[in-house]
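The values are calculated or read from the model by the stated rules, or taken from the named source; none is laboratory data. Just so it is clear, the model here is predicted, and its values are computed rather than measured. FYI the Cβ positions are ideal-geometry reconstructions off the backbone, even for glycines, and counts take in every protein chain you see. Heavy atoms of the whole protein, side chains included, go into the accessibility calculation; ligands, DNA and RNA do not. Shrake-Rupley method; radii C 1.70, N 1.55, O 1.52, S 1.80 Å.
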Amino acid sequence: MTTIMDPTDERVPIARTVSPRPPEIAGTLALLDISKPRGNVLLDRLEELLAERLPAVEVNRYSKPTFTKPAPQALRQEIRESNDFVIEALAD
Amino acid sequence: MPALLPAFSLRGLDGRTHAFPRSTKSVVCFVKEDCPTCNLVLPLVEALHGHAGLDILVAGQTAEGNTILARRHALSAPVLDDSDLTVSFAYDIETVPLVIVADAEGVEADRLVGFDRAEWRAFFERHAQDAAVDWDAYPDWRPGCGSLTQDPIISERLRATSENSPLRARRIETAPDDDVHEFMFDQGFSDGLPVVPPTPDRVLRMLEGTARDPQSVVATIPPNMAPATVEKIAVNAVLAGCSPEYLPVIIAAVEAACTDTFNAHGVMATTMGASPVMVVNGPIRERIGMNMGLSALGQGNRANATIGRALRLALRNVGGARPGGTERSTLGNPMKYSMCFAEWEERSPWPPLHVERGFDASDSVVTLFAMTGGPSLIVDQASRTASQLAGSFALSMESAHHVRAHTMGDCILVVSPEHVDTLRTGNYSKTDLRDRIQEVTSRPLRDLVADAVSGVGLDPARAAGMPAERLDRAAPKFSSGDNIHIVVAGSEAGKFSAFFHGWASGPRGSIPVSRKIELP
């Protein structure tokens, strides 16, 4: 038997469950551009399609200052407080 | 109130467990078999046995030795097995034989160390007057021997497992049938190469490399935003194969990597496959035997190889940056195993990297760069003038990322000694070298437009809308000469230099970070 010291942070990740799927898309929806090249092209098109199919949904556009760093806390909070849904254009 | 001696319970050769204190006056004698003085005194200890209310315990430091001692001296007193040395450690024994007299409560009443005939004789007069001892048969004096607990390796093991051990990390006990090396692979502790088992004694030895408190937090490591204590960094340094004197470099590197400026999260996560490249400057290079000469960027030197690896393992194990998790590199990069080297400052005519970055020449400093490629070799065995050679550097470096990628961010240029000598013929300073690279790589925008050969470059539609003078404007390879970080390394033979390509540079990506290395 060998005893070794744990090289990890020893934390147990918190298990989160996926939010229940809502019966319909209504209210406000956030489109988050992470600032990768052409992410805006994809989101522009998505916004057009959303306007056609779900004209009652209000769309808010957001962007991260840079794709290389996590979204600032204030931005995450704003998105959460002002929107019912979020679509994020990840990368590439 | 007098201090109580540590209580203990040990198994004897008689198969019984003997506890101390004894509820009567007792004598505990610590010995080891290969100590001549212990062998000298054991007949005397045996003579004490059975005397008026004296309860004798002999605690031997090796199991095999105990059997030998009991037979050799026909000991009737219980001979106890302290071969794991926990009791000897608790008594903080430096020298054996050590004889301690204790009362029924376990309070020390008397003590003898080694052999001094006069002292022993007086001891007998105090505790066993009627014992018949031929004192003339004994020498005047014999020194004792070092207790086994003083052996450096054993002492580390004992400190690591004692109650006041400075170690706080979780201890994982592998099953008796487990191969510890396979176990560590299975747990995901490794970068794919074998790792050294971080046993408590190895971690404790690693911590000798720094004066910092093992529990002090050096940095918060992304992506898990986990606190990296000195101890956790030491555990990963053991895994990586480091020697304790490397630890201060690794601590400084972790601190540098986990700044918002360096942006370790983005560096490790990017699909571009960036990796920290560490350059070490200052006196520590010699002190820990880093390589800055032949094969400085390659394998074969423990310090270079394992310091770079320790940083990576800390980011992986403590921070949680693992390929397939948040680490999303398309191709990966061998530098992600390790990339660390030292600058050969003494072979350079220029101020070394750390001095350029604001430190004193006598400081030991580690600088981290986020690089996606390299070392890319620049082969120039023909240029005989400084401007030609600098031109060659420029032409080669223009390929970084893509020939048409101009006004780029950081790169590292590693100039080899023979190339240094050529640049010296033209009295080139680092600034001259940077200027020449920028000059030779400058291209008018019209040459950098995307076309049928490659879709990379200035958008043709945008270019069509630009006035002619704008298209004639030249763009150098790097947004500033300051983005070209120049260091000297390599062997005396060979007209080969090399460069590393950067990643996203500046506040939107990663900015090189230097940290002074705190020496213990």
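Taking the Cβ of B:Phe185 as the center, what net charge do the other residues with Cβ under 15 Å away carry, scoring Lys and Arg +1 and Asp and Glu -1?
Around B:Phe185, the surrounding residues sum to -3.
Taking only the C-alpha atoms, wrap a convex hull around region B:1-143 and report its volume per residue in Å³ as a whole number.
Details: hull volume 15.1 nm³, N = 143.
About 105 Å³ per residue, rounded to a whole number.
Per DSSP helix of 4 or more residues, -39500 (n - 2.57); summed, then divided by the residues of chain B. What does that give at 222 nm, rounded to the nearest 500?
For chain B, the value works out to -8500 deg cm²/dmol.
Read phi for every residue in region B:288-302 and hand back ³J(HN,Hα) as whole Hz from Karplus 6.51 cos²θ - 1.76 cosθ + 1.60, θ = phi - 60°, with x for Gly and Pro.
Result, ordered by residue: 10, x, 6, 9, 10, x, 3, 6, 4, 8, x, 8, x, 10, 4 Hz.
Using a 1.4 angstrom probe with every protein chain in place, what is the largest-first accessible-area order of B:Asp451, B:Asp260, B:Asp191?
The ordering from most to least exposed comes out as B:Asp260, B:Asp451, B:Asp191.
When the solvent-accessible surface of protein heavy atoms is calculated with a 1.4 angstrom probe, in what order do B:Lys477, B:Lys336 fall, highest first?
From most exposed to least exposed: B:Lys336, B:Lys477.
For n ≥ 4 DSSP H runs only, could you compute -39500 (n - 2.57) per run for chain A, divide by its residues and tell me the 222 nm figure to the nearest 500?
It lands at -8500 deg cm²/dmol.
In the full protein assembly as shown, how much of B:Ser362 is accessible to a 1.4 Å probe, in Å² to the nearest 10?
The value for B:Ser362 is about 90 Å².
By how many degrees, between 0 and 90 and to the nearest 10, does the Cα long axis of helix B:63-72 differ from the longest principal axis of chain B?
Once rounded, one gets 30 degrees.
With everything on Cα atoms, drop me the angle between helix B:430-441 and the longest principal axis of chain B, reported from 0 to 90° to the nearest 10.
Roughly 50 degrees between the two axes.
Taking Cα centroids, how far is region A:1-79 from region B:12-65 in Å?
Here the two parts' Cα centres lie 72 Å apart.
Normalised by the empirical 2.2 N^0.38 Å for globular proteins, what value does the Cα Rg of the protein assembly as shown take? List each step's numbers first, then the result.
Details: Rg = 34.4 Å, N = 612, 2.2 N^0.38 = 25.2 Å.
Taking the Cα Rg and dividing by 2.2 N^0.38 Å, one obtains 1.37.
With a 1.4 Å probe and every protein chain left in place, tell me how much accessible area A:Leu54 has, in Å² to the nearest 10.
Accessible surface of A:Leu54 is approximately 50 Å².
For B:His18, what residues show an amide H to amide H distance below 5 Å, using hydrogens built from the backbone and excluding near sequence neighbours?
Close amide H contacts, sequence-distant or interchain: B:Leu10, B:Arg11, B:Gly12.
Using Cα atoms only, what is the angle between the long axis of helix B:117-127 and the major principal axis of chain B, expressed in degrees (0 to 90) to the nearest 10?
It works out to around 60 degrees.
Set the Förster distance to 25 Å, then compute FRET efficiency between A:Arg45 and A:Phe85 from the Cβ-Cβ distance, nearest 0.05.
E between A:Arg45 and A:Phe85, to the nearest 0.05, is 0.90.
Any chance you could run the full-extension gain for B:Arg126 through B:Asp472? It's 0.36 nm times the residue separation minus the Cα-Cα distance, nm to one decimal.
That works out to 114.0 nm of additional length.
Mind checking which aspartates and glutamates have their C-alpha under 14 Å from B:Lys336, skipping anything on the same chain fewer than 8 residues away?
Here the aspartates and glutamates satisfying the reach criterion relative to B:Lys336 are B:Asp191, B:Glu327.
Say each of B:Thr431 and B:Arg443 gets a label point 7 Å from the Cα, pointing the same way as Cα to Cβ; how far apart are those two points in nm?
2.9
Would you mind checking A:Lys69/B:Lys477; A:Lys64/B:Lys232; B:Lys232/B:Lys516; A:Lys69/B:Lys430 for any pair whose Cα atoms are more than 28 angstrom apart? Write down the numbers at each step before the final one.
Numbers: A:Lys69/B:Lys477 25 Å; A:Lys64/B:Lys232 33 Å; B:Lys232/B:Lys516 20 Å; A:Lys69/B:Lys430 32 Å.
In this structure, A:Lys64/B:Lys232; A:Lys69/B:Lys430 lie more than 28 Å apart at Cα.
Considering only DSSP beta bridges where both residues belong to the protein assembly as shown, give the percentage that are antiparallel (nearest 5).
Here the antiparallel bridges make up roughly 60 percent for the protein assembly as shown.
Expressed as a whole number of Å, what is the distance separating the alpha-carbon centroids of region B:483-520 and region B:70-87?
Distance between centres, Cα-based: 61 Å.
Mind checking the dipole of the protein assembly as shown: about its Cα centre, +1 per Lys or Arg Cβ, -1 per Asp or Glu Cβ, Debye to the nearest 20?
Charge dipole of the protein assembly as shown: 2020 debye, to the nearest 20.
Taking the Cα centre of region B:202-319 as origin, work out the dipole magnitude from +1 charges on Lys and Arg Cβ and -1 charges on Asp and Glu Cβ, in debye rounded to 20.
320
Take B:Asp92 and B:Asp177, extend 7 Å from each Cα along the Cα→Cβ direction, and tell me the distance between the two endpoints in nm.
Each label point lies 7 Å from its Cα, and together they span 4.5 nm.
Once ligands and nucleic acids are excluded and a 1.4 Å probe is used, how much of A:Glu58 is accessible, expressed in Å² to the nearest 10?
Its heavy atoms expose roughly 100 Å² to the probe.
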